[in-house]
1. If you go through the stretch 28-43 one residue at a time, do you hit one that is over 18 Å from LEU101 (Cα atoms) and among the aromatic types (Phe, Trp, Tyr)?
2. As an exercise: evaluate ASN27 against (1) of a type in the set (S, T, N, Q); (2) modelled with pLDDT of 85 or more; (3) assigned to a helix (DSSP H, G or I) and give the number of the one condition it does not meet.
3. Do we have SER78 as at pLDDT 80 or above and either under 20 Å from ALA97 (Cβ atoms) or not aliphatic (A, V, I, L, M) (or both) here?
4. Within the stretch 44-75, can you find the residues that are more than 23 Å from ILE99 (Cβ to Cβ), of a type outside the set (Gly, Ala, Ser) and part of a helix (DSSP H, G or I)?
5. Residue by residue through the stretch 61-75, note down the ones that are surrounded by 12 or more Cβ atoms within 10 Å (Cβ to Cβ) and modelled with pLDDT of 85 or more.
6. Tally the residues that are under 17 Å from VAL66 (Cβ atoms), at pLDDT below 85 and of a type in the set (S, T, N, Q), restricting the search to the stretch 30-52.
Amino acid sequence: MKTTQVLHVTPEELTNMICKELAKQVNHLQSNPPPEVFVRSKAVAKQFSVTKSCVDGWARNGTIPVHKITGHNYFRMSEVIKYILENPKPSVELDEATIELAEKLFPNYQK
């Protein structure tokens, strides 16, 4: 059976507690980043709200970095986002979720 502990703290104390815990988690993730997995065209298409054939075209034209593994296209999302941020194309608009991800992955990124 779980027990619940009630703390009597001020809003400022609660804010400080949350900030300290978040900082600890961020430091842990920075020192132990999760391994990045390869994704297929469908996942990239979903991230950028385009069709799979559009992503395949980007890969074919060299618009985004692609890894050929056993004859199939695979992508690392961080590479794709970084490439698009560094080489903006008028046809690629970043949604808010992608911008947030970019800000986490690339601390020097500015909108």
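The values are calculated or read from the model by the stated rules, or taken from the named source; none is laboratory data. Every value quoted in this text rests on a predicted model; they were computed, and no experiment measured them. Virtual Cβ from ideal backbone geometry, glycine too; neighbours counted across all protein chains shown.
1. No: the stretch 28-43 contains no residue that is over 18 Å from LEU101 (Cα atoms) and among the aromatic types (Phe, Trp, Tyr).
2. (2)
3. Values: at pLDDT 80 or above: yes; either under 20 Å from ALA97 (Cβ atoms) or not aliphatic (A, V, I, L, M) (or both): yes.
So SER78 passes the test.
4. Step one: of the stretch 44-75, the residues more than 23 Å from ILE99 (Cβ to Cβ) are 53, 56-57, 60-62, 67-74.
Of the ones still in play, those that are also of a type outside the set (Gly, Ala, Ser) are 56, 60-61, 67-70, 72-74.
Scanning the stretch 44-75 gives ASP56, ARG60, ASN61.
5. As a first pass, look at the stretch 61-75 and keep what is surrounded by 12 or more Cβ atoms within 10 Å (Cβ to Cβ): 63-67, 73-75.
Passing the criteria: ILE64, PRO65, VAL66, HIS67, ASN73, TYR74, PHE75.
6. Just the residues of the stretch 30-52 that are under 17 Å from VAL66 (Cβ atoms), to begin with: 36-48, 50-52.
Checking which are at pLDDT below 85 leaves us with 36-37, 47-48, 50.
Then drop every residue that is not of a type in the set (S, T, N, Q), which leaves 47.
Adding up the residues that qualify gives 1.
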